[in-house]
Amino acid sequence: MADQKKKLVEIKNLDIVFNKGRKNETKAVQHATFDIYEGETFGLVGESGSGKTTIGRTIMKLYEPAGGEIEFDGVDVTKLKKKAELAEFRQKVQMIFQDPQASLNMRMKVKDIIAEGIDVNGLVKTDEERTARVEHLLDLVGLNKDHINRYPHEFSGGQRQRIGIARALAVQPKFIVADEPISALDVSIQAQVVNLMKQLQKDRNLTYLFIAHDLSMVKYISDRIGVMHWGKMLEIGPAEQVYNKPLHDYTRSLLSAIPVPDPETESQRQPVDYDPTEEMNGVDRDMVEIVAGHFIWASKEEIPMYQERAREAGLL
């Protein structure tokens, strides 16, 4: 993929620290490095508190990084200060939030929620054009144009998330950060929303950062997957490889905890234990390419071990 597509987003040695210099200083993300290619979905997984959402919000400039670089389409996002530059950036980069109810203003009608970005960026000249654009967006996400004058509380959770997606698409972005967009939805609705996102990506050449803790859903939608733990990126690789032939112990542990919808198989499932203290033993580690396109956070001494695992998995 690296040879065929251009890098739309480049994250280099990203550090994010909260309450810097205080007693309760928290290193939320440490030295995160990864790229997202144009037109792909990069899945970011890990347990709660691993730093996934923090990275997504920092890319959106909702948080300021303590160090490192974030480049979007060749521009260093961390250095954008002027109002016009920020407006242009925020038109190209949008976010779909985790809780569709909390992210929508309950006092606004659907047409005004969706058209907010259109109004701010001056994308239409008349009310008729504005209404036509909103109706088109509603149709695009599978909602009826008759819903245009309703309020968010009149919709189900899945429908609200579709409104959130329509709002994100309204300014015709190139890149969307989807922060656990399906975790608040019923399982039956999750698949509908993910399939909608995949279709929209195909139709509009969108690029996604898809943040979630459900590995099986991430595998379904993602081209590549990054696995995080305690603010560190531990493994990055093609979705199929990371899901079926994981190399890092933490990824193996995560996958072993996924329930299997078969009582007999489930009764024999053996969760893999992971000792997180290994990450804190002071050894210098970096992202190392073990197999083409498959990276592991490892020390020089650990590289032969991961190479042997890759051979055993048939990757080398």
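The values are calculated or read from the model by the stated rules, or taken from the named source; none is laboratory data. Everything numeric in this text was worked out from a predicted model, so none of it was measured. FYI the Cβ positions are ideal-geometry reconstructions off the backbone, even for glycines, and counts take in every protein chain you see. These accessible areas exclude ligands, DNA and RNA; they are computed on the full protein's heavy atoms, side chains included. Shrake-Rupley method; radii C 1.70, N 1.55, O 1.52, S 1.80 Å.
Working from Cα pairs under 8 Å separated by at least six residues, relative contact order for the range 173-316 is 17 percent. A cut-off under 12 angstrom between Cβ atoms defines the neighbours of Leu123, and their net charge, with Lys, Arg +1 and Asp, Glu -1, is 0. Share of pairwise Cα-Cα distances greater than 14 Å in the range 174-239 is 61 percent (whole percent). The heavy atoms of Asp119 offer some 80 square angstrom of accessible surface to a 1.4 angstrom probe. A simple packing score, the average count of other Cβ atoms within 10 Å per residue, orders the peptides 17-23, 299-305 as 299-305, 17-23, with the highest score first. Of the trypsin sites (Lys or Arg not before Pro) in the range 86-125, the ones in a loop by DSSP (not H, G, I, E or B) with at most 10 other beta carbons within 10 Å are Arg107, Lys125. Take every DSSP beta bridge whose two residues both sit in the chain; close to 60 percent of them are antiparallel.
Only helices enter the 222 nm calculation for the chain: every DSSP H run of n ≥ 4 contributes -39,500 (n - 2.57), and dividing by all residues gives -10500 deg cm²/dmol, rounded to 500.
Just the projected area, averaged over all directions, of the convex hull on the alpha carbon atoms of the range 190-316: how many nm²?
On the way: hull surface 37.5 nm².
Spelled out: convex hull of the Cα atoms, projected over all directions, averaged, 9.4 nm².
In the complete set of protein chains, residue-level accessible area for Asp35 is approximately 40 Å², probe 1.4 angstrom.
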